[in-house]
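The values are calculated or read from the model by the stated rules, or taken from the named source; none is laboratory data. What you see is a predicted model, and the numbers here were worked out from it, not measured in a lab. When we count neighbours, we look across all protein chains shown, and the Cβ atoms used for this are built from the backbone with ideal geometry, even at glycine. Side chains included, ligands, DNA and RNA excluded: accessible areas come from the protein's heavy atoms. Shrake-Rupley method; radii C 1.70, N 1.55, O 1.52, S 1.80 Å.
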Amino acid sequence: MLPGGSADWLLLRPDGVLELDLRATLQTDDGALISMKSFGLRHGPPAVIAALGRGETVDPSTYYFRTTPRFETAHPAYTFLNRLIAVAIGDRRAEGPIYTIHEVL
């Protein structure tokens, strides 16, 4: 992720669901630039969400954390990303979230 090339908006709804809206510019090892937009939801039992808020390690199967990343690039090696739909499973850790991204076939 390029420094200064991203923004993250969070909205905590009255029903306890956290809406996530992320815009980022990624740079690959070979210098390609990829724009990524992602919308997602995170929610779970109050005790689990409170533990996440304290930075504790929590089993990701105990809460719901899904996003839908979309990619856009003009780099020929990565244009396949422009044509796919993906769903990511999030794992919130103290040092930041980890996403496992799956292409929807």
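Some notes on this structure:
- When the stretch 8-20 is filtered for residues that are loosely packed, with under 13 Cβ neighbours inside 10 Å and under 12 Å from the mean Cα position of the chain (by Cα), the ones remaining, listed by number, are ASP8, TRP9, LEU10.
- The residues on offer are ALA77, ALA24, and the sole one that is surrounded by 13 or more Cβ atoms within 10 Å (Cβ to Cβ) and either part of a helix (DSSP H, G or I) or without any contact (Cβ under 8 Å) to a residue 60 or more places away in the chain (or both) is ALA24.
- Of the numbered criteria (1) within 11 Å of the chain's Cα centre (by Cα); (2) open to solvent by 50 Å² or more (accessible area, probe 1.4 Å), the one THR67 fails is (2).
- Residues that are at positive phi and in contact with a strand residue (DSSP E or B) (Cβ under 7 Å, 6 or more places away or on another chain) within the stretch 12-43 comprise just one, GLY16.
- Checking every residue in the stretch 29-40 against the condition of being assigned to a helix (DSSP H, G or I) and either surrounded by fewer than 17 Cβ atoms within 10 Å (Cβ to Cβ) or in contact (Cβ under 8 Å) with a residue 24 or more places away in the chain (or both) gives zero matches.
- Count - residues of the stretch 21-51 that are more than 20 Å from PHE80 (Cα to Cα) and within 10 Å of the chain's Cα centre (by Cα): 5
- Scan of the stretch 42-62 for residues that are part of a loop (DSSP other than H, G, I, E, B), in contact (Cβ under 8 Å) with a residue 24 or more places away in the chain and buried (at least 16 other Cβ atoms within 10 Å of the Cβ), ordered by number: VAL58
- If the condition is being open to solvent by 80 Å² or more (accessible area, probe 1.4 Å) and farther than 18 Å from ASP21 by Cα, then the stretch 80-92 contributes PHE80, ARG83.
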